[in-house]
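One structure is given here, and the rest of the page talks about it.
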Amino acid sequence: MKLSGWIAWISAGIGFLFTLLGLIQILIGLIPGVNPRLFGDTEVINFFIASSDFFIITIVAILYRWQCKKE
């Protein structure tokens with residue numbers, strides 16, 4: 001049960017970091033004359049797809065903890 005709590009916190013943190021990287025890349029892209037990509041081959045949408053995957057893991061871990069507490 002404690003492990004699911006750690007998994008939830010870690011995946012939420014990683015999801016937040018991916019969201020933050022996506023927002024930074026969008027803001028850098030708004031500056032004229034600057035390369036809009038932080039990393040060579042990445043698109044902005046990839047950061048948000050990765051963050052949504054980690055947020056789904058967070059939701060599943062939280063639901064698992066709630067289910068275990070009910071029983």
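The values are calculated or read from the model by the stated rules, or taken from the named source; none is laboratory data. From a predicted model like this one, the values you see are computed outputs, not experimental measurements. For neighbour counting, all protein chains shown are included, and Cβ atoms are generated from backbone atoms with ideal geometry for every residue, glycine included.
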Counting only residues that are modelled with pLDDT of 85 or more and of a type in the set (Val, Ile, Thr), segment 17-50 contains a total of 3
Which residue, of Ile26, Ile57, Ile14, is at negative phi, part of a helix (DSSP H, G or I) and touching a Ser or Thr at 6+ places or on another chain (Cβ under 6 Å)?
-> Ile57
